[in-house]
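What follows is one structure encoded as structure tokens, with my remarks underneath.
Each reported figure results from applying straightforward, stated rules to the coordinates on display, with no laboratory input. Keep in mind that what you see is a predicted model, and the values were worked out from it rather than measured. Virtual Cβ from ideal backbone geometry, glycine too; neighbours counted across all protein chains shown.
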Amino acid sequence: MNIPENLKFAQSDEWVKLEGNIATIGISDFAQEQLSDIVYVEITVASGDKVKKNSLVATMESVKAAADVNSPVSGTITEINDDLANAPETVNSDPFGKAWLVKLEVDDPSELDALMDASAYQSYCSNRSH
Amino acid sequence: MTEPTIYELSSPGRRGVRYPDSDVPQAPLPTDFIRKDLPMPELSELDVVRHFTNLSKLNYSIDGGFYPLGSCTMKYNPKVNEQTARLPGLAFTHPLQPVETVQGDLALMFELQEWLKEISGFASMTLQPAAGAQGEFVGVMIIRAYHLSRHDTKRKKILIPDSAHGTNPATSAMAGFDVVGVPSDARGNVDLEELKKVCDDQVAGLMLTNPNTLGLFDENVLEVIKIVHEAGGLIYGDGANMNALLGIARPGDLGIDVMHFNLHKTFSTPHGGGGPGSGPVGVAKHLADFLPAPIVDIIEEGDEDTPPLYGFVTPSKTIGRVKSFYGHFGMLVRTYTYIAMHGPDGMRKIAENAVLNANYLLSLVRDKYHLAYDRICMHEFVVEGHWGDAPEVHALDISKRLMDYNFHPPTNYFPLIVPEALMIEPTETETKQTIEAFANALNKIADEAHSDPQLLKDAPHNTPIGRLDEVRAAKELVLCCWMPEQNA
Amino acid sequence: MFVPHTDTEREEMLRAIGVDSLEKLFEAVPSKYRFPKLDLPKALSEMEAMQQLSDLAFANESARDLVSFLGAGAYNHYIPAAVDSIISRGEFLTAYTPYQPEVSQGTLQAIFEYQSLITSLTGMDVSNASHYDGATATAEAAVMAYYNFRGRRNKFVISPSVNPQYRETLRTYLQGHDKIALVGDAKDADPLLKPEDLYGLIDEDTALVIVQYPDFFGRIFDYTALAQKAHEVGALLAVVINPIALGMLKTPGEFGADIVVGEGQPLGIPLSFGGPYLGIFATRSDFIRKISGRLVGETVDGQGRRGYVLTLTAREQHIRRERATSNICTNQGLIALASTVYMSLLGKNGLRQVAELCYHKAHYAAEKIGSIPGFDLCANAPYFHEFMVCCPAPVEEINSLLLEQGILGGYDLGNDYPSLKKHMLIAVTEMNSKEDIDALCEILEEVNND
């Protein structure tokens, strides 16, 4: 399973990449695999919206499941990924790259400290696979 | 073979039915309101009849074969029910006629309320809910109204065991409640210790499916009910599995406060390819005032010479109405017919034989399939459709392969607490021979899963159409035969 | 009754299970409550049951025994014989919900065609596979609008001229949401208000505006301006329709409606004392993924053959569980099929003809009744096949007189609207001949003479 080293992870399988005070958020490879073929992505926030930690930023649907995506950090949305609406399958093919969901300016970078690093997330996932 | 759509069969100018010419003078049409076009197909009567007859041949049905769908109770739908529901005196009464002109309808509804009360042990009954899911909604709204009427406003939680029906969480959320799960113990009962932990003064109620979706009668049912009642909560009974309890136990006697029936499961009204259902709700005495309005009652007592006068009444603290009029009356006529033909002993025979058939079938397949909870089951049971030594085969593959043997698959992937669940309910109307033939097919498929798994992965092979591309359906979303812009 | 086992077979089965009696299968049931004695009438044979039900039917006077002018949400239309013949086929009647598409293409394609016909009829982009009835479809429209705005808009504006039972149902459905306000149909509101009277109630907090077309009083209004008013503040417009009226009238789609709901009973469904009926629900493509209830979509199998499946099921209650916006599972499958056969038989010309027959006969009746001294046609707008008459006597009294002559009179509007006592709502369909209407008028003339 593919888990990039430079990301932080939430227990609900979102990833966060912090560059300066801008955080990019998406869902992990493990999560997309669990959901199977994604047929629909709806980003439920817009640029300028303030979001709190664990509040909803997107919903995804596959044929068999529906999932909410929550922001693991608090902040103000600066950008959303419009491309996913027309190409939801990107979440399956490139979850850590092209399928980022939203970017936000974080209120408190220390919130990331509570998240898992790559190796912790790796073992978290393998514990759930059997 | 693909059947064209009615739009493809259309030929401009054709008519399937003719009406008499108008016998009154023409009134001027409201020209501002007249539509330019009505883009509907045009067919002859034979076109229409042949089209739908051809379509019907693509369906599996109870009339055509065995339908072992767990928790769906696909029993035989007696033909006499269809005739009684179509008696013109019943089928063509308008719901708003003066009550004096519909005493037959009202007597039937009143008596059916009485019968369902007797069968379930409840004090009052509404026939209004349109389906089981709406019955559930009514039940949960009644629980809400009950607590509010006592100014007990902090009860925001509904407890739902993990072996309950899939609709329960959505129903609770619709009624504005938070859902709290309760796990099962090693025997498939509600885990009493876990239940005690979540039972506090914020619990509005617990939704109990008993027998649960594992097909097991909860051995601690009285204890579960007591714990919830002591915390001030009420018990909602999901009556979808009532077929196992007819004449065996009355939910009201057990202490359940409110429960819905599924007439299209327990009482043999047809499923119709997905409805109409019917979901009457029974309540204990302390909840009677909250029932949806209106309900049928005697409004003038009769005597030896005159029958009573039936009419409608509104319970004093009613939660309101949940649909137009009084319920799915056509389904009530079928249910009335069915109960009338069974009587008290017949009721018990239904449950006894449904449970007998389930246990017999279980005895025939238990060597080849892993049982999640090994106990005497009620009207249904759950096996795992998966083997460690045939890892590529899943429950879905077994289901699809069953179609090649001319059987409808069981319920798949439910309950969620059993991995790769196959939930099987044979019902009381199937013969020993049918059950044996189905068991043979299941056992043969278990062997195929090990010897030739690809045969299962590619199944079904003998159906009118193969496995369909559901991802494409959900992405491209073609939801009608023609493009909407044609409507402009 | 329908249990096939012989005693020998039962013995063999019990032996295979490993128990010696049927009672042994029920030991998990608390003994105190096991095997209750049920006080039910003794079992009848099929022949006796048929007789008992016939007796009950005979105790009624149906809309077919009488000449009916009763509507108010359920209408007496002719049902072509082929409708019942098709829906009586066991392959449709006794099939389950089409979760296994390989063995359910008949039901699935029929629903797909139903969805297509409803979009054609309403001028919308997409229809679901049905709701329970017009009342619950209206409530589901409100629920959809509420979730569309993620609970950020809490006001629902509903006209008092929407069917009173639909408004009641809507209130029950929204009870669980404390913040929601339903406005427009307060007790002191003028029941006969016009669309423009609602403008003042629509604001930034409004999720949905609900009106009926033709409205409960039979009136038809152009809702184009109302749709604009709603859209200006970002709210949605739902229009409750009568499908027969759309055989000739402009569609709500042309007005700019976002959601169209309605009672499908007029489309070939018997009156059946109020149910089962059919909840029509159609909307614009923007809301496809917000629709509750089932949807059938077209796709292909492994060999590229066209086929149909239930789609967007991820939104449904059994997957989304407590995050689902509706708990609906069973809908009105067989009734939707009946309406599909009905619409297919009538086609574009038949539907138009039935609509016009209703329209002309209603206008003939209205004009004639309006000319009877004491009776007032209080129409303040064009109407379709139902109209309101202000009567010189209580409606109940007039209806008793009519019933003596075998006529089922109109609906007493005083039941729902205190300000409309002595107002009768009269419905006329293709089933009413000129003679029926003339007979009605003759008796009404006598009312005034008394």
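Angle between the Cα long axis of helix C:46-58 and the longest principal axis of chain C, 0 to 90 degrees, nearest 10?
10
In the range C:1-60, which GluC sites (Glu not before Pro) are in a loop and have at most 15 other Cβ atoms within 10 Å, using DSSP for the loop call?
Details: sites: C:GLU9, C:GLU11, C:GLU12, C:GLU23, C:GLU27, C:GLU46, C:GLU48; in loops: C:GLU27.
When the GluC sites (Glu not before Pro) of the range C:1-60 are filtered for loop state and at most 15 Cβ neighbours within 10 Å, C:GLU27 remain.
Lysines near B:LYS285 by alpha-carbon distance under 25 Å, same-chain residues fewer than 8 away left out - which ones?
Reachable lysines: B:LYS117, B:LYS154, B:LYS156, B:LYS157, B:LYS226, B:LYS317, B:LYS323, C:LYS32, C:LYS37.
7 Å from Cα along Cα→Cβ at both C:MET47 and C:ARG15: what's the point-to-point distance in nm?
If labels sit at C:MET47 and C:ARG15, their model points lie 3.7 nm apart.
For B:THR153, A:THR44, what ranking results if the residue with the fewest other Cβ atoms within 10 Å of its Cβ goes first?
Working: B:THR153 8, A:THR44 16.
If I rank by nearby Cβ atoms, fewest first, I get B:THR153, A:THR44.
Quick one: B:LYS349, B:LYS400, A:LYS17, fewest Cβ neighbours within 10 Å first, how do they rank? Kindly include the intermediate steps, with their values, before the conclusion.
Working: B:LYS349 22, B:LYS400 25, A:LYS17 17.
Fewest-to-most Cβ neighbours within 10 Å comes out as A:LYS17, B:LYS349, B:LYS400.
Using Cα-only point scatterers and the Debye equation, what is log10 of I(q)/I(0) for chain B at each q in 0.11, 0.13 Å⁻¹, rounded to two decimals?
So the normalised log intensities work out to -1.05, -1.30.
Considering only DSSP states other than H, G, I, E and B, which chymotrypsin sites (Phe, Trp or Tyr not before Pro) in the range B:398-428 qualify as loop sites with at most 15 other Cβ atoms within 10 Å?
Working: sites: B:TYR405, B:PHE407, B:TYR413; in loops: B:TYR405, B:PHE407, B:TYR413.
Of the chymotrypsin sites (Phe, Trp or Tyr not before Pro), not one in the loops of the range B:398-428 has a Cβ with at most 15 other Cβ atoms within 10 Å.
If you count, for each residue, the other Cβ atoms within 10 Å and average over each peptide, how do C:285-297, B:16-28 line up from highest to lowest?
Numbers: C:285-297: 20.2, B:16-28: 14.2.
Those peptides, ordered most packed to least, come out C:285-297, B:16-28.
Amide H neighbours of A:LEU101 under 5 Å, counting only residues 5+ apart in sequence or on other chains, H built in-plane at 1.01 Å?
A:ILE25, A:GLY26
Within 10 Å of each Cβ of B:7-20, how many other protein chain Cβ atoms are there on average? Don't jump to the answer; show the numbers that get you there.
Numbers: counts 5, 0, 1, 3, 1, 3, 3, 3, 7, 11, 14, 5, 9, 5.
Per residue, the number of nearby Cβ atoms from other chains is 5 on average.
What shape does the range C:378-450 have by the C-alpha gyration tensor, where a ≥ b ≥ c are the square roots of the eigenvalues, rounded means a/c under 1.5, and otherwise prolate means a/b greater than b/c and oblate the rest? Present the calculation step by step, with values, prior to reporting the outcome.
Working: a/c = 1.72, a/b = 1.10, b/c = 1.56.
It is oblate, given that a/c is not under 1.5 and a/b is not larger than b/c.
What's the average, rounded to a whole number, of partner chain beta-carbon atoms within 10 Å of each residue's beta-carbon in C:233-244?
Working: counts 0, 0, 0, 0, 0, 0, 0, 0, 0, 0, 0, 0.
Mean partner shielding for this stretch: 0.
In Å³ and rounded to a whole number, note down the convex hull volume per residue for the Cα atoms of the protein assembly as shown. Write down the numbers at each step before the final one.
Details: hull volume 177.8 nm³, N = 1068.
Hull volume over Cα atoms, normalised by residue count, gives 166 Å³.
Determine the alpha carbon to alpha carbon distance for each of B:LYS432/C:LYS42; B:LYS265/B:LYS432; C:LYS229/C:LYS250; C:LYS250/C:LYS361; A:LYS52/B:LYS196 and list only those over 25 Å. Intermediate values should be presented prior to the final figure.
Working: B:LYS432/C:LYS42 28 Å; B:LYS265/B:LYS432 21 Å; C:LYS229/C:LYS250 20 Å; C:LYS250/C:LYS361 20 Å; A:LYS52/B:LYS196 33 Å.
In this structure, B:LYS432/C:LYS42; A:LYS52/B:LYS196 exceed 25 Å between Cα atoms.
Using θ = phi - 60° and the Karplus curve 6.51 cos²θ - 1.76 cosθ + 1.60, what whole-Hz ³J(HN,Hα) does each residue of the range C:21-38 get, with Gly and Pro shown as x?
8, 4, 4, 4, 6, 10, 6, 6, 7, x, 4, 4, 10, 6, 6, x, 7, 8
Run a plain Debye calculation on the range C:81-341 (Cα atoms as equal point scatterers, no solvent) and give log10 I(q)/I(0) at q = 0.12 Å⁻¹, rounded to two decimals, same order as the q list.
Once normalised to I(0) and log-transformed, intensities are -0.69.
Taking 0.36 nm per residue of separation and subtracting the Cα-Cα distance, what length does fully extending C:ARG305 through C:ASP7 add? Could the numbers behind the result be given before it?
Values: separation 298, 0.36 × 298 = 107.28 nm, distance 4.90 nm.
This chain segment gains 102.4 nm when fully extended.
Is the shape of the range B:82-340 rounded, prolate or oblate, going by the alpha carbon gyration tensor and its root eigenvalues a ≥ b ≥ c, with a/c under 1.5 for rounded and a/b larger than b/c for prolate? Could the numbers behind the result be given before it?
Working: a/c = 2.10, a/b = 1.67, b/c = 1.26.
In terms of gyration-tensor shape, prolate.
Please list the non-local residues whose amide H lies under 5 Å from the amide H of B:VAL182, H modeled 1.01 Å from N, same-chain partners needing a gap of 5 or more.
Amide H to amide H, under 5 Å and 5 or more residues apart or across chains, B:VAL182 pairs with B:ILE160, B:ASP162.
Between A:TYR40 and residues 5 or more places away or on another chain, which pairs have amide H atoms under 5 Å apart, with H built 1.01 Å from N, and which residues are they?
For A:TYR40, whose amide H was placed from the backbone, the distant partners under 5 Å are A:GLU61.
Wrap a convex hull around the Cα atoms of the range A:8-108, take a quarter of its surface area, and give that in square nanometres.
Numbers: hull surface 21.7 nm².
Taking the Cα atoms of the range A:8-108, their convex hull projects to 5.4 nm² on average.
On a full-extension model of 0.36 nm per residue, what is the gain between C:LEU401 and C:HIS231, subtracting their alpha-carbon distance, rounded to one decimal in nm? Mind dumping the intermediate values first?
On the way: separation 170, 0.36 × 170 = 61.20 nm, distance 4.90 nm.
Working it through step by step, the gained length comes to 56.3 nm.
Tell me, what ³J(HN,Hα) does each residue in the range C:80-95 have, in order and in whole Hz, if you take phi through Karplus 6.51 cos²θ - 1.76 cosθ + 1.60 with θ = phi - 60° and put x for Gly and Pro?
Going residue by residue, I get x, 4, 5, 4, 5, 4, 5, 6, 7, 4, x, 5, 8, 4, 10, 8 Hz, with x marking Gly and Pro.
For the range B:344-463, what does the equivalent ellipsoid look like in terms of its semi-axes, each the square root of 5 times an eigenvalue of the Cα gyration tensor, given largest first in whole Å? Please report the intermediate quantities before stating the final value.
Numbers: eigenvalues 133, 49, 27 Å².
So the three semi-axes of the range B:344-463 are 26, 16, 12 Å.
Please report, to two decimal places, log10 I(q)/I(0) for the range C:270-309 at q = 0.30 Å⁻¹ as given by the Debye formula with identical point scatterers on the Cα atoms and no solvent.
-1.00
Residue by residue through C:170-179, how many Cβ atoms from other chains fall within 10 Å of the Cβ on average?
Numbers: counts 2, 3, 11, 6, 2, 9, 10, 3, 1, 0.
Average per residue, whole number: 5.
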